[in-house]
Amino acid sequence: MKAVYVKEFGEADRLEIREVEKPTISEPDQVLVNVKAAGLNRADLMQRKGFYPAPPGYPERILGLEFAGEVSETGGAVKDFEIGDRVFGITAGGGQAEFVLTREGELAKIPDSLNMEAAAAIPEAFITAHDAVWTQGNLREGETLLIHAVGSGVGLAALQIAKAHGNTVIGTSRTEEKLDACKEFGLDIGINTTENQDFASEIDIGADVILDLVGASYFAGNLKCLSLKGRLILVGLVGGRKAEFDMGLALGKRLHIIGTVLRARTPDEKAAATANFVREVLPLIESGEITPNLDSVFEAEEITKAHEYLESNSSFGKVVLKF
């Protein structure tokens, strides 16, 4: 089968489409999916550079954390999927290939209203956002959510889900264009962090939950603007991984600081996150209340161009590869 392959860790021009061995089912709960489209994530950029190795059991040089396609084969214990079903899901690696081997619990059926490219823009962003903000952050009705990098795939997913639940949403971005675009999705307050890095000074109402996709450079500001018993969910590290920690603020406000990652979880944990997504988010997608955040689609053979585009920070939403 064809797959996106890292010839040598480094720049985007070291990627290629290579013929590799097709995976085969070895366990009864496994499903082999013929991939039609696959999402591109910043984790792929990091893995390409050698900074984010795949977990044990997943290919080191074949990228891809999410996909959409058709069921090709099923293990003997698989009950909810049949050959030919249109499915999408998450994986810890190898999703950017013509076939991917996954487990039944990490799959969901694609709504009839979505094509493969739109479906591939959903799993990683929406499962990550829902798990972080609602399962772990326990965002409740009437509370305020602050999203850093609100114009990213995960940021837009969290914004849409929050507005569907009636929450007030504050978002930060480095560009006014992305903030303006997010207001069309219901963003209540937008803060341009290029013009004002002290975002906390612009937040008077306080945030009950913060979804931080940036990292250390925003940590001090996060503690300042969190409300009493606020929850800080740490997801991204593009802004650094080490920060000074004012424990007095954390103690006085009784804050919860939660670090989370989806890729390295056990199959059972991923299945639970997927099940929560299917139960609580997928109906909103099926009804059209929330929509995939698809920025652009590249042919798989344009993988270098796709990586360069994502690295340029020009995208608004998800970049998807078409197989």
Considering each of GLY166, GLY142, GLY155 in turn, give the residue that is in the same structural domain as GLU244 (by TED's automatic domain parsing) and either touching a residue at least 60 places away in the same chain (Cβ under 8 Å) or closer than 24 Å to ARG42 by Cα (or both). GLY155
Exactly one of these conditions fails for LEU213: (1) in the same structural domain as PRO56 (by TED's automatic domain parsing); (2) buried (at least 16 other Cβ atoms within 10 Å of the Cβ). Give me its number. (1)
Is there a residue in the range 84-101 that is surrounded by fewer than 16 Cβ atoms within 10 Å (Cβ to Cβ) and in the same structural domain as ILE25 (by TED's automatic domain parsing)? yes
Wholly within the range 263-323, which helices (runs of 4 or more DSSP H) include no fewer than the required count, namely at least 2 residues that are in contact with a Pro (Cβ under 9 Å, 6 or more places away or on another chain)? 267-280, 282-287
Does GLY39 qualify as being assigned by TED's automatic domain parsing to the domain that holds ALA271, on the phi > 0 side of the Ramachandran plot and either touching a residue at least 60 places away in the same chain (Cβ under 8 Å) or not aliphatic (A, V, I, L, M) (or both)? no
When you go through (1) touching a helix residue (DSSP H, G or I) at 6+ places or on another chain (Cβ under 7 Å); (2) under 25 Å from GLU299 (Cβ atoms); (3) not acidic (Asp, Glu) one by one for ALA120, which number turns out not to apply? (1)
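Scanning for something in contact (Cβ under 8 Å) with a residue 12 or more places away in the chain, of a type in the set (Lys, Arg) and assigned to a helix (DSSP H, G or I), does the range 240-247 turn up at least one residue?
no
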Could you say whether any residue in the range 29-42 is surrounded by fewer than 17 Cβ atoms within 10 Å (Cβ to Cβ) and modelled with pLDDT of 95 or more? no
Would you be able to say whether some residue in the range 295-315 is in contact with a Gly (Cβ under 6 Å, 6 or more places away or on another chain) and within 23 Å of CYS182 (Cβ to Cβ)? yes
Those residues of the range 62-85 which are part of a loop (DSSP other than H, G, I, E, B) and either among the β-branched types (Val, Ile, Thr) or more than 22 Å from ARG265 (Cβ to Cβ) (or both) amount to GLY76, VAL78, LYS79, GLU82, ILE83, GLY84, ASP85
Pair list, Cβ under 8 Å, 6 or more apart: the range 275-303 residue under 30 Å from LYS2 (Cβ atoms), other residue aromatic (Phe, Trp, Tyr) and in a loop (DSSP other than H, G, I, E, B): ASN293/PHE316; ASP295/PHE316; ALA300/PHE323
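The values are calculated or read from the model by the stated rules, or taken from the named source; none is laboratory data. Quick caveat, the model's predicted, so the values are computed rather than measured. FYI the Cβ positions are ideal-geometry reconstructions off the backbone, even for glycines, and counts take in every protein chain you see.
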